[in-house]
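We did not get these values from a lab; they are worked out from the coordinates using the rules stated. Since the structure is predicted, the reported quantities are computational estimates derived from the model, not experimental observations. Note that each Cβ is placed from the backbone with ideal geometry, even for glycine, and that neighbours are counted across all protein chains shown.
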Amino acid sequence: MKRFSGQTIRSSRAHLLATAFAAGSLLAAVPVSAADEVSQERLLNVQNEPGNWLHHHQNYSAHRFSPLKEINRDNVKNLKVAWTMHLGGVEGGGIWSHGGLEGTPIAENGFLYVTDGWGSVYKIDAHGGRGVLVWKMDPKTDHDWAGAVACCGVDNRGVALWGNLVISHTLDGRLIATDKETGQVKWQRNVADPDKGEVITGAPLIVKNMAITGVAGAEYGIRGWIAATDLSTQKEVWRTYTIPGKGEPGSETWKDNNNAAAAGGGSTWVTGTYDPATDTIIWGVGNPGPDWDNAYRPGDNLYTDSSLALDATTGKIKWHYQHTPNDPYDYDSVAENVLVDLPGPNGPRKLALEADRNGFAYAIDRTNGKFVWGLPFVKKVTWTKGLDAETGKPVEYDPNKAVQTYVASVTPSRTNMETDICPGNMGGKNWPPTAYNPELKLWYIPVIESCNRIKVEVATPDKLKPREFWTGGGPSQPFKITGSVTAIDVTTGKIASKLETPFPNLGGMLATSDLVFTGQPSGEVTAHDAKSLQKLWEFNTGGGVNAPPMTFTVDGKQYVAILVGLGGAWDKWFIDSTPELKKIQPGSMLYVFAL
Amino acid sequence: MKLNLLAASTPMLRVSVAALAFAMPAVAYGQAAQPASSDPTAAGKAVFAKANCVGCHKWHGNGGGGYGGDALSLRKTALTREQIIETVGCGRPGTGMPFFTRGAYDEIKCYGMNRQDAGAQMPPEGGTFLRQKDIEAVADYVLAHIKGAGEPTYAQCVDFFSSGSRVCDIYKPKEEKPDTTASMGKSQ
């Protein structure tokens, strides 16, 4: 493939590498001295290269925090568009009329790597204050095959870098390694199977020469998993199911006679985090299926709605923490677990923070999976009176009950077939990522302030069919939905500040030393004071922000980048709650800002 | 178009047909993009795809639950041709089924109602408007290929998707299903 720009030095290195591959060398054996070879060493020490953004969530702890200070609270009012680039991937497929952009760009040494909803990867040269497309890798995703079983949009949240490869997923279930220099596909592997209702929307997490993949499909009767692929041999290293097999620990939490566990859901479609000190991957697990008929699947339904800690080398489960046992609300826990160390009297307190669809933010001791604190981060919660101070379980939770009812008057059930719940089934907080400022110890949650109406349909085994919805009901949107950014002081577990917004936050957060950046589905990208959340800057992109901002430097100059193109679940399933957003057009555009 | 069909239709439909007839071109929606076909309902199939009927009813028309609520099964529908035409043109009040006739509930009353009468029951507007001939074509397609067709089959799926998509693979009898591992690895 023709290169549109670049340097001869780089090209000759690419040639050498290509030769190395041809000679059968393992990627791990390639020397990592080259500045743009991505190694485990670099991934562990991203603080040494603050101008780059190497991880999907910025670092292994999912802080999405940048120490760059050229753009700060004093001058952010002068932030302007530096350049833009139109991308593709807007076309529809399956049940979707169009795609959207939910990705986080990766930045390395002046080049950006972004994806569109169908998984095309774009390498963009950002040198010289403008963006030039270097290459585009189009994986030719099978639109109808994948789009028919994507519950919530034509989405791809981005790439990862490893060695001289760009690692990405496609909605139709592939893991793809693309040569970073040439844009040529080096290899690809089927990890998920759309014939089973499995699709992939998340960015891969790279840990020690493995790509970790999560799966979506809990609305289609999948049995969820997290899988690790060796990037040298392209072989699967481990695959850990989020629903235990018969006789395995946790299988006793599926007490039905329907074999519900086999189609029990437990998706893993948001990229997780990694704690190198204990070689532990922490990953969120989605809702059980059928979503709204929990009497079909009596028991706690482990490990749905849980944070899971896995041994990174073996995939073995170390601990779990479940937020909503026997969930009747679609309150999944796929969200990223943010890893934070706080000073304590007996040494640092090692926490995993998760903002759940159920409206509560949790701090878990990540050495043992024990509850530390939890609090509601939304304005309205109706499904429970609160969390037990000791265990963090909803106070109505009764371990002796096979089918949980929580606040029974609002909880969807076979005797309460139509009911209104708060938060609504989108949360709370959905996939849009939080950010954490380690200097201020503030954690910023992008919030959907919502209620919606749930109608239950009794599930029966004959209704379970491959590639067909398996939800036991569905939501409708009789209520207006708004949003907020909620900042939590993690030293106290209390809300430090809250900024209400006219629309739900469908994009996510970026934190810098004294600012936070975010966006609105009505088009605005905004910057706020890190403490007060007061708005200091705004630019209207004219599209719908459905992706998180990030920041990087090129030639010593700081930029903020964000993908803009409203897609995902919202404009098909939830638009009636935000009627003003009906006028937002599909789009696919990268915005880059600078002073 | 046959006059006896008009006579059998509801008063609303007669109005809408009359209102639209003057603008009706000879070629149905989407037909130009389709290769010549011996199936007289090919134009209706194109409408079914392009008007995003598949978005809720799926390619097979069986609908199903999910985040958008339950789109009714067109395979199990008892609606007549006229009722299907009316439902596509006017939507279904109080549900997510949109209307596809330009001016429905405004200059053209639906089920005897204008927008004001429909109030909170007003159905959403379709993503595209369809001409009366296109609505009839999609109704004829539903009658010929979907209504009463039982469970979806591989042959029906392949017939619907002319592309090389793997969307139909699950309908294949087990012995015909390709080994998915065969496409793994260095396929490019």
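A few remarks follow.
- What separates the Cα centres of region A:274-326 and region A:464-486 is a distance of 21 Å.
- Full-extension gain in nm, A:Arg414 to A:Lys583, via 0.36 nm per residue minus C-alpha separation: 57.1 nm
- Across region A:491-497, computed HN-Hα scalar couplings (Karplus, 6.51 cos²θ - 1.76 cosθ + 1.60, θ = phi - 60°) run 6, 10, x, 10, 6, 8, 7 Hz from first to last residue, x flagging Gly and Pro.
- When the Cα positions of B:Gly66, B:Val54, A:Thr280 are compared along the charge dipole of the protein assembly as shown, B:Val54 comes out farthest toward the positive end, with charges on each C-beta of Lys, Arg, Asp and Glu.
- Dipole of the protein assembly as shown computed with +1 at Lys/Arg Cβ and -1 at Asp/Glu Cβ about the Cα centre; of A:Thr578, A:Ile454, A:Gly289, farthest Cα towards the positive end is A:Thr578.
- Inter-probe distance in nm under a simple model that places probes 7 Å from Cα toward Cβ, at A:Gln184 and A:Ala389: 6.5 nm
- The helix-based estimate of mean residue ellipticity at 222 nm for chain A, built from -39,500 (n - 2.57) per DSSP H run of four or more residues and divided by its residue count, is -1000 deg cm²/dmol to the nearest 500.
- Cα-based radius of gyration of region A:8-594 once divided by 2.2 N^0.38 Å, which approximates compact folds: 0.89
- Sequence-distant aspartates and glutamates (8 or more away, or on other chains) whose Cα lies within less than 13 Å of A:Lys379: A:Glu449, A:Glu500
- Other residues with beta-carbon under 11 Å from the beta-carbon of A:Asn452 carry, at +1 per Lys or Arg and -1 per Asp or Glu, a net charge of 0.
- Within a straight-line Cα-Cα reach of under 15 Å, A:Lys582 can be paired with the following aspartates and glutamates, leaving aside sequence neighbours fewer than 8 residues apart in one chain: A:Asp571, B:Glu125.
- Pairs from the table (A:Lys480/A:Lys535; A:Lys77/A:Lys123; A:Lys136/A:Lys535; A:Lys350/A:Lys385; A:Lys69/A:Lys350; A:Lys180/A:Lys316) lying more than 25 angstrom apart at Cα are A:Lys77/A:Lys123; A:Lys136/A:Lys535; A:Lys350/A:Lys385; A:Lys69/A:Lys350; A:Lys180/A:Lys316.
- Long-range amide H partners of A:Trp187 with built H, under 5 Å: A:Ala177
- Residues A:Lys69 and A:Asp279, FRET efficiency given R0 of 22 Å [Cβ-Cβ distance, rounded to 0.05]: 0.10
- With contacts taken as Cα pairs under 8 Å and at least 6 residues apart, chain A reaches a relative contact order of 14 percent.
- A full extension of the chain between A:Lys255 and A:Asp462 corresponds to an added length of 72.6 nm, given 0.36 nm per residue minus the alpha carbon distance.
- Cβ charges +1 (Lys, Arg) and -1 (Asp, Glu), total dipole of chain A, debye: 680 debye
- Among A:Thr240, A:Pro105, A:Phe360 the positive-end extreme of the charge dipole of the protein assembly as shown (Cβ point charges): A:Pro105
- Rounded to the nearest 20 debye, the dipole magnitude of region A:189-270 is 200 debye, with +1 charges on Lys and Arg beta carbons, -1 on Asp and Glu beta carbons, and the Cα centre as origin.
- Eligible lysines near A:Lys465 by straight Cα distance, threshold 19 Å, same-chain separation 8 or greater: A:Lys196, B:Lys58, B:Lys76, B:Lys172, B:Lys174, B:Lys177
- Basic side chains Lys and Arg get +1 at the Cβ, acidic Asp and Glu get -1 at the Cβ, and with that the dipole of region A:398-466 about its Cα centre reaches some 160 debye.
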